[in-house]
Structure formats: C-alpha cells, structure tokens
Amino acid sequence: MMPGFIMAQRKRERGKGRGYLVGCVVVALLWTVASAQLRYSVSEEVNEGTVVGNIARDLGLDKSTLKDRKYRIVSSDADPLFHVNHNDGVLYVSRKIDREEVCAQSSTHSLTLTALDGGKPPKSGNMNILVKVLDVNDNVPVFSKDIYSVTLSENAPVGTTVIQVNATDLDEGPNGEVFYSFSNSMNQNTLNLFDINPLTGQITVKNLINYEEKDRYEIEIQASDKGLAPLTTEKSVIIKIVDVNDNAPEIEVTSFSIPVYGAEYVCSLTISSDTRLYCLSYYHYQGICRIQP
C-alpha cells in the first residue's frame, strides 16, 4: 500500500473521530440537562416575537453550530406558541397567547427541544423546556344569569335570604377571585332594607319591608375581582314584594238623604282593606241594598 494513501486515510479517520466526538458532546449535553429541565415564564397577551429565554446561553451552546445541529422546538400544535431561532438560540413567542384559551388544562407548557449530532448517520437528542404562562387581569366577572328576579313577602323576618347571585372569573389567583357589593347608585332607603354577603353573593333582609310603602325594588349588584386594577360588572336584581293581610279594615259611614227618582238614598258605607275597597249603598225605595267593590 502506498504511504501517501495510508496517511490520507488516517487523516480521514481522525477527522471522523473529531466530528463524532463533537456530535456526542452535543447529544450528551442535551441528555445531561434534560433531567434538570429549563424553566421559563412569560405573561399572556404579549406580542409576537417577545423573548421567552436564551436557550443557547443557558445551555452553554456555540451559536455557530445551532443551524447545522438543527435545533428546534417539536410541537404537535399546527400553530405552535413558541419557536427557537437558529441564529441566536433564543426562544421566542410565535403568536399572541390567551391563557384562558390555550391553557385550559395547565398554565405550564412542556416543550421538546431536539438537536442532531455531526455523525453519519446523525443521531438526535431531546430535552424538555417548561414555559409557564403568567395570568394578566383581562377577564371581567360574569354572572351566571341574565336576569335575577324573586318574590318576597312583606314583613319577612330580618336575616331572611332573598336570593343568591353568582359570578365567575376565568382569570387565575386574585385576578379570578370574585367579591360582591351593592352599586354606588343605590339609594340609602334601599340599603337600609337589604344586605349582601361579599363572599357568597347572598342577599338578605336587613329591616322589615312594608308592601304599602313600596311593592317593587330593583337592586344593582356589583361583582369585582381582586386584581391590582379590579374589573367590575353589574347586574340588576328585581325583588317583588307580596302583600300579606296585616292591616285591619277601615270603615267610613256617611249618612244623608237625597231624592233619587222617587227613591231616597239614605246612607253610604265604605270598607277598605289591604287589597279591596267595598261600597255599600242603601236605597230606601223597595229596601234595595247594593254592594259595589
């Protein structure tokens, strides 16, 4: 065998060894850090192109090798939320993220980063990257009903439950915690009659309610979240008061004599109660007595 050929062959073998070694280092690095995992966080509603994290820097990778090693994020989503740039090794937001829409099951997304070594055939390595999507207060509380209407007997005891309203907020943490209150537009007379539990939304009787004074109340309820900049929604509650027989009849008697077509109208008796008014007219003529409600 020619000496020149032997030397050339040894050089090729040494070259292959160095390429294989570099590829093994890349794959080994991925498998080593895979157990620790990279963790990032990003707020929802940020713009496309927002930086999530610098993968190349955090893994100590040479940026010049990223394109050849085909670093990429593998996703089953046809429209992935994140991607890694081959030129700088930075993880970017691919599209605007609505946490309530894309994070129904969990606010943490598990990404798979893959890369190839320089061997022939090339071998791949994977590692996990966890990205937590942080909530922002972008949802207002929503009441469970479009209309709240209820009847209440007058003179109901203090503490009687009138109705319970309910509202939910899709946000997370304090942004999704709801508390209830009366609207600032409520007049003081109504506030003296009703109370509301800020935690449960239960409306109760605060003072005795008289049907003869008012038979219908419209209460404005507020549901607010506990975000730094709270969001609030309002809903009307209609309360119809039902009359009970709590007033004794009042009788008014009027006596006089007026000729009416040959008869004589001698008296008029008026009886009033909570709900009816009766008039008793007596005509002397033929002893006719007539009651007119």
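Summary of computed values
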read-out	value
Amide N proximity, region 94-118 versus ARG39 label position 7 Å along Cα-to-Cβ, cut-off under 16 Å	107-111
Two-site label geometry, ASN192 and SER110: point separation in nm, points 7 Å out along Cα→Cβ	6.3
Net length gained if the chain between ASN184 and THR200 were fully extended (0.36 nm per residue, minus Cα distance)	3.8 nm
Accessible area in square angstrom per residue, region 128-241, 1.4 angstrom probe	52
Of all accessible heavy-atom area on region 38-134, the percent that carbon and sulfur account for (1.4 Å)	44
Under 12 Å, Cβ to Cβ, from ASN184 - net charge with Lys/Arg +1 and Asp/Glu -1	-2
Cβ-placed point charges (K, R +1; D, E -1), dipole of region 142-242 about Cα centre in debye, nearest 20	220
Relative packing of peptides 221-228, 42-49, 54-61 - highest average C-beta neighbours within 10 Å first	221-228, 54-61, 42-49
Options TYR71, VAL46, HIS83, ranked by Cα towards positive dipole end of region 38-134, top entry (Cβ charges)	TYR71
25 Å Cα-Cα threshold exceeded, pairs from LYS96/LYS123; LYS206/LYS226; LYS70/LYS120	LYS96/LYS123; LYS206/LYS226
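The values are calculated or read from the model by the stated rules, or taken from the named source; none is laboratory data. Keep in mind it's a predicted model, so treat the numbers as computed, not measured. Cβ: placed from backbone, ideal geometry, glycine included. Neighbour counts: every protein chain shown. For the accessible areas, the whole protein counts, side chains as well, though only heavy atoms, and no ligand, DNA or RNA atoms are used. Shrake-Rupley method; radii C 1.70, N 1.55, O 1.52, S 1.80 Å.
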